[in-house]
Amino acid sequence: MRVDLLHPWPESVAEAEAVQELLRPRVELTGPDRFATVAGLDVHYHGDDDLSAAVVVLDAATLSVVEQVVVHGKAAFPYVPGLFAFRELPALVEALERLTVTPDLLVCDGYGLAHPRGFGLACHVGVLTGLPALGVGKTPFVGAHEPPPPERGAWSPIELDGVVVGRALRTRDGVKPVYVSQGHRISLETATGQVLALTPRYRLPEPIRRADHLARHRDPAARAATTRSRATR
DNA sequence: GCGACAG
DNA sequence: ATCTTGTCGC
């Protein structure tokens, strides 16, 4: 698939924030509620700057892998809270461009609307691709919420300045919730339903788990070398 | 063995 | 965020 960056790459914090403000109005909060294929996106860091970005496309009904891509690159921006997306976006975009299929929904590791400027990674990736996108965070990052009841499927709203920007969602009985927010072209209700449907077994949705594993174990030779040197030590 | 969790 | 070690449990 083809992806346009839509803006020059920011050289400063101020420019990056301006890009977010510029693109935020393009976010759409409604969209389809059925998806045949779903892609998980994740990035794994090796040291300070080197990273691997993985995209794994699953059949939404069976959760079997349709296609997967991993690319290696460098972080494209310093780490600044709220500007996290700029570190990973170029590598993720390159991985998406190498796909031969176009997924119907992007499941991002991180936040979407639940973000200080309402434009987290899931919104950014969604706007660049034009595809429905949602974000799943592993830790509470912004906003306030009550802990949801302990049963799988239970949720509580995440509020920022009195506005609901996401949900703390229990995907397994008695296990820490995940934090779901809209990225692009999806309702919060649909995003919640999709996360549950994509999480039959573990805490995190299957597409994200697959992408995490792919990014983490990108190079079996390098991993074997690391294991050997640790054993020698 | 893999995943959650401690901290 | 990551790494490392151990325990519990499916």
Given (1) surrounded by fewer than 16 Cβ atoms within 10 Å (Cβ to Cβ); (2) modelled with pLDDT under 90, number of the condition A:VAL65 does not satisfy: (2)
Qualifying residue in region A:134-147 (condition: out of contact with any Phe, Trp or Tyr (no Cβ under 9 Å at 6 or more places or on another chain) and at pLDDT 90 or above): yes
Subset of region A:45-67 [within 16 Å of DNA strand B (Cβ to nearest atom) and either part of a strand (DSSP E or B) or within 12 Å of A:LEU106 (Cα to Cα) (or both)]: A:ALA54, A:VAL56, A:LEU58, A:VAL65
Hits in region A:1-28 (condition: surrounded by 13 or more Cβ atoms within 10 Å (Cβ to Cβ), farther than 18 Å from A:GLY82 by Cβ and not acidic (Asp, Glu)): A:MET1, A:VAL3, A:ARG26
Filter result for A:THR30 (among the hydroxyl-bearing types (Ser, Thr, Tyr), under 22 Å from A:LEU99 (Cβ atoms) and part of a loop (DSSP other than H, G, I, E, B)): no
Search result, residues across region A:180-207 that are within 13 Å of DNA strand B (Cβ to nearest atom) and touching a strand residue (DSSP E or B) at 6+ places or on another chain (Cβ under 6 Å): A:PRO205
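Are any residues in region A:36-50 in contact (Cβ under 8 Å) with a residue 60 or more places away in the chain and surrounded by fewer than 22 Cβ atoms within 10 Å (Cβ to Cβ), and if so, which ones? Spell out the reasoning first.
Of the residues in region A:36-50, the ones in contact (Cβ under 8 Å) with a residue 60 or more places away in the chain are A:36-44.
Correct list: A:ALA36, A:THR37, A:HIS44.
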Contacts under 7 angstrom Cβ, first residue in region A:6-29 being under 15 Å from A:VAL127 (Cα atoms), partner in a loop (DSSP other than H, G, I, E, B) and polar (S, T, N, Q), 6 or more apart: A:LEU29/A:SER187
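Can you pull out the residues in region A:131-152 that are in a loop (DSSP other than H, G, I, E, B), within 16 Å of DNA strand B (Cβ to nearest atom) and either over 19 Å from the mean Cα position of the chain (by Cα) or of a type outside the set (Ser, Thr, Tyr) (or both)?
Of the residues in region A:131-152, the ones in a loop (DSSP other than H, G, I, E, B) are A:131-132, A:138-143, A:145-152.
If we keep only those that are within 16 Å of DNA strand B (Cβ to nearest atom) as well, we get A:138-140, A:147-152.
Within region A:131-152, A:LYS138, A:PRO140, A:PRO147, A:PRO148, A:PRO149, A:PRO150, A:GLU151, A:ARG152 meet the criteria.
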Of residues in region A:200-219 being surrounded by 24 or more Cβ atoms within 10 Å (Cβ to Cβ) and within 16 Å of DNA strand C (Cβ to nearest atom), the one modelled with the lowest pLDDT: A:ALA215
Pairs with Cβ under 9 Å, 6+ apart, first in region A:130-149 and under 20 Å from A:GLN194 (Cβ atoms), second within 16 Å of DNA strand B (Cβ to nearest atom) and basic (Lys, Arg): A:LYS138/A:LYS176; A:LYS138/A:ARG203; A:PRO148/A:ARG170
Any hit, region A:137-145, residues being farther than 21 Å from A:GLY40 by Cα, surrounded by fewer than 17 Cβ atoms within 10 Å (Cβ to Cβ) and more than 15 Å from DNA strand C (Cβ to nearest atom): yes
Among the candidates A:ALA95, A:ALA114, residue that is under 13 Å from the mean Cα position of the chain (by Cα) and small (Gly, Ala, Ser): A:ALA114
Flag if A:ASP42 is of a type outside the set (Gly, Ala, Ser), within 16 Å of DNA strand B (Cβ to nearest atom) and modelled with pLDDT of 90 or more: yes
Near pairs, Cβ below 7 angstrom, 6+ apart or cross-chain, from region A:51-77 (closer than 17 Å to A:VAL101 by Cβ) to any residue that is part of a strand (DSSP E or B) and among the charged types (D, E, K, R): A:ALA54/A:ASP42; A:VAL57/A:GLU67; A:VAL66/A:ASP59
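The values are calculated or read from the model by the stated rules, or taken from the named source; none is laboratory data. What you see is a predicted model, and the numbers here were worked out from it, not measured in a lab. Because the Cβ atoms are built from the backbone with ideal geometry, glycine has one as well, and the counts that use them run over all protein chains shown.
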